[in-house]
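Here, each number is a calculation from the coordinates, and none is a lab measurement. Computed from a predicted structure; not experimentally measured. Ideal geometry is used to build each Cβ from the backbone, glycine not excepted, and the neighbour counts take in all protein chains shown.
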């Protein structure tokens with residue numbers, strides 16, 4: 001596959017991931033109590049599809065960074081490795097939630113806070129995912145600014161989102177109330193902040209689709 005087609009596929013998958021996240025995130029706020037099984041399974045399906053799109057996007061991003069020269073091989077590997085770990089953790093967390101709902105399809109349990117593995121699952125949705133996202137975006141931001149494979153503002157934005165994710169890593173010390181903004185499973189942690197990496201992928205996807213063959217200025 002030639003370079004332009006890889007960039008176009010990367011851009012398309014970044015946009016797809018962003019659109020799917022924009023549809024899925026509001027589903028977490030529809031019900032104040034335990035949501036029906038249909039709601040939980042719908043958002044899990046969207047998460048699975050988002051992870052698939054992100055996996056292709058991250059593979060494309062690794063290709064772009066590696067193409068900047070042999071000196072960027074390590075950064076490209078770090079971006080893809082941390083991104084792959086993030087996707088894996090997200091899929092495992094979604095599978096645990098789905099298991100709770102499939103066992104109790106009557107809508108009496110909220111899989112984010114109820115069930116045998118719910119509290120263990122909180123770190124997968126929260127602190128663990130936030131750390132992996134921070135590593136991914138810190139490496140991506142540095143690689144973008146140094147290589148010039150994407151506009152410099154996308155690298156700076158990656159840094160900003162990375163810092164926000166790092167801020168939420170210690171949230172495991174602040175309880176398990178999903179209604180709290182800053183807690184192990186709080187909405188600011190697992191919904192708002194979690195979506196930022198996908199919206200960053202959306203922004204990058206749009207840039208790549210509009211200018212699939214352009215090289216941008218490197219950081220001196």
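Subtract the Cα-Cα distance of residue 181 and residue 31 from 0.36 nm times their separation in residues, and report this length gain in nm to one decimal.
Between residue 181 and residue 31, full extension yields 52.3 nm more.
Cut-off is 10 Å between beta-carbons; in what order do 7, 152 appear when sorted fewest neighbours first?
With the sparsest Cβ surroundings first, the list reads 152, 7.
Among (1) 106; (2) 131; (3) 217, find the value of volume of the Cα convex hull per residue in Å³ that was calculated from the structure presented, and write down its label.
Answer by label: (1).
Order of 130, 211, 5, 146 from fewest to most other C-beta atoms within 10 Å?
5, 211, 146, 130
With label points built 7 Å along Cα→Cβ from the Cα atoms of residue 73 and residue 206, find their separation and express it in nm.
My value for the distance between the label points is 3.6 nm.
When the chain is modelled as a GNM with alpha-carbon springs shorter than 10 Å, which of 16, 50, 88 fluctuates the most?
Comparing 16, 50, 88 in the GNM, the peak value goes to 88.
Please give the Cα centre distance for the stretch 1-41 versus the stretch 100-138, rounded to the nearest Å.
Spelled out, the Cα-based centre of one part sits 17 Å from the other.
With each label point set 7 Å from Cα along the Cα-Cβ vector, what nm distance links residue 160 and residue 113?
My value for the distance between the label points is 3.2 nm.
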